[in-house]
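**Q** Take this structure, written in structure tokens, and hold onto it; I'll ask about it next.
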Amino acid sequence: MFTVFDQQMMARALQLAHQGLYSTMPNPRVGCVIARDGQVLGEGFTQPAGQDHAEVQALKACLAAGRNTAGATAYVTLEPCSHYGRTPPCAKALLEAGIKRVVAAMVDPNPLVAGKGLAMLAEQGLETASGLMANEARELNIGFVSRMERGRPWLRLKLASSLDGKTALLNGQSKWITGEAARKDVHRWRARSCALLTGSGTVLADDPELTVRLIEAPRQPQRIMIDTRLRVPAGAKIIAPGTLVVCGEVDDSRIEVLQARGAEVLSLPDERGKVDLVALMPVLGARGFNEVMVETGAVLAGALMRLGLVDELLLYQAPVLMGDQARGLLDWPALTSMQQCLPLQLREVRQIGNDIRMILRPA
């Protein structure tokens, strides 16, 4: 069905899509290559929200180079949109440019599109196909897919431990378990996230900024803090304009202090008055968050894991031993049989500096 040239062009489109890794949210990361007779005519990738999508960027590149797109093939990593949003539909732009064939890596999971873009093109006589390198395209936009299909973001839990599975000494010291290369890698994962989530315990212990600093990034992710009783003082580094503080049942006077610092406070209590973490997920999805990265302590991390809310673990392991008295990785109940253990699927293992990074998902 697909030729070697088709595969080469889609691989290039995926490379282009990666260039929007830190900037397209809440939109998906999409790349497009326009080619004819074995030659690339133009290429592009999706710009920040409200600006050109990949297809329009590629068509503009063709126009700037004086290349006629009539009869060409467009290779795009996601089905061209067929609806008016912040920008006009890309399917219409391809039609007007005289494109005769469109190859999409995957169908758009957005219910507003969901096959309608390819159908629109086919109805106008274009040859359409999808499924070429679909897995790669899906992984690149795993958060967008999660938000479209499940109504909630892809939750990625970052953990750093010693070789014996410890995250801090008994006195709370934890800087730094891993080396500089691993810490810089963490900031790359932060930069691709729509939001960074932590808990009040981590803020009270470490007063983190929770920002992208070690690499250049076009934007800062939204900061979210779970603080059931609003224990964190308003002077904490994380309390700033744009920060979302999620609490349980608290009095209005505490909320007003945080709001005066520019933070947004969301009360989302469960039946016990604590933060309803399950209910929080669709709230974050409704705000357009595709990927949310969690950097927190053992208690909140364990709670998210027990509730089945964690989609992926990003585990950095340093070649050091911290001893039996050090703090453990997760707040996890004692198990009585091996059948109770939580199986994880190991997706990737990579050495980062002197540390090991593992990517795991619940099996």
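The values are calculated or read from the model by the stated rules, or taken from the named source; none is laboratory data. For clarity, every value in this text was computed on a predicted model and none was experimentally measured. Neighbour counts are summed over all protein chains in view; Cβ atoms, including those assigned to glycine, are modelled from backbone coordinates with ideal geometry. Ligands, DNA and RNA are stripped out before the accessible areas are found, and what is left, the full protein with its side chains, is counted by its heavy atoms. Shrake-Rupley method; radii C 1.70, N 1.55, O 1.52, S 1.80 Å.
**Q** Roughly speaking, to the nearest percent, how much of the range 143-272's 1.4 Å accessible area is carbon and sulfur?
**A** In the range 143-272, the share of accessible area belonging to carbon and sulfur is 47 percent.
**Q** Place a point 7 Å from Cα of K184 in the direction of its Cβ. Which residues in the range 312-329 have their backbone N less than 19 Å from it?
**A** 316-319
**Q** Using alpha carbon centroids, what distance separates the range 189-250 and the range 115-177, in Å?
**A** Taking the Cα centre of each part, the range 189-250 and the range 115-177 sit 21 Å apart.
**Q** I would also like to ask the following. If packing is taken as the mean number of other Cβ atoms within 10 Å per residue, what is the order of 205-213, 69-77, highest first?
**A** Result, highest mean Cβ count within 10 Å first: 69-77, 205-213.
**Q** Let me ask another. Work out the length of the dipole vector of the range 241-363 about its Cα centre, built from +1 on the beta-carbon of each Lys and Arg and -1 on the beta-carbon of each Asp and Glu, and round it to the nearest 20 debye.
**A** 400 debye
**Q** On to the next question. Compare D276, D164, D37 in a GNM of the chain, Cα atoms joined below 10 Å, and give the one with the largest fluctuation.
**A** D37
**Q** Which order do peptides 220-227, 121-128 fall in by mean Cβ count within 10 Å, highest first?
**A** 220-227, 121-128
**Q** Give me the percent of accessible area attributable to carbon and sulfur for the range 304-363, probe 1.4 angstrom.
**A** For the range 304-363, the apolar C and S fraction of the accessible surface comes to 53 percent.
**Q** Something else: Scan the range 244-288 for GluC sites (Glu not before Pro) in coil per DSSP, keeping those whose Cβ has at most 12 other Cβ atoms within 10 Å, and list them by number.
**A** Here the GluC sites (Glu not before Pro) that fit, given the DSSP loop and packing criteria, are E271.
**Q** Counting pairs on different chains as well as pairs 8 or more places apart, how many Lys pairs in the chain have Cα atoms under 20 Å apart?
**A** Total qualifying Lys-Lys pairs in the chain comes to 11.
**Q** Heads up, I need the accessible area for K184: 1.4 angstrom probe, whole protein in place, Å², nearest 10.
**A** Estimated to the nearest 10 Å², K184 gives 90 Å².
**Q** Something else now. If you take the beta carbon distance between A122 and L21 as r and set R0 to 25 Å, what does 1/(1 + (r/R0)^6) give as a FRET efficiency, to the nearest 0.05?
**A** According to the calculation, E is roughly 0.20.
**Q** Enumerate the residues in the range 47-77 having an amide nitrogen under 16 Å from the point lying 7 Å beyond the Cα of R138 toward its Cβ.
**A** 77
**Q** Okay, next question. Please state the charge dipole magnitude for the range 66-173, taken about the Cα centre, from unit charges on C-beta atoms (+1 on K and R, -1 on D and E), reported in debye and rounded to the nearest 20.
**A** 300 debye
**Q** I would also like to ask the following. Could you please put W189, W176, W332 in sequence from largest to smallest accessible area, using a 1.4 Å probe?
**A** Accessible-area ranking of W189, W176, W332, largest first: W176, W332, W189.
**Q** From the list (1) 1.03; (2) 1.05; (3) 0.97, can you say which value of Rg/Rh (Cα atoms, Kirkwood Rh) was derived from the structure given?
**A** So the structure-derived entry is (1).
**Q** Could you check what % of the DSSP bridge pairs in the chain are antiparallel, to the nearest 5?
**A** Rounded to the nearest five, the antiparallel share is 45 percent.
**Q** Further question: If we sort 153-159, 324-330 on the protection proxy, mean other Cβ atoms within 10 Å, highest first, what's the order?
**A** The peptides rank, most packed first, as 153-159, 324-330.
**Q** Related question: Do the sum for the chain: with -39,500 (n - 2.57) for every DSSP H run of n ≥ 4, divided by all residues, what is the mean residue ellipticity at 222 nm, to the nearest 500 deg cm²/dmol?
**A** -8000 deg cm²/dmol
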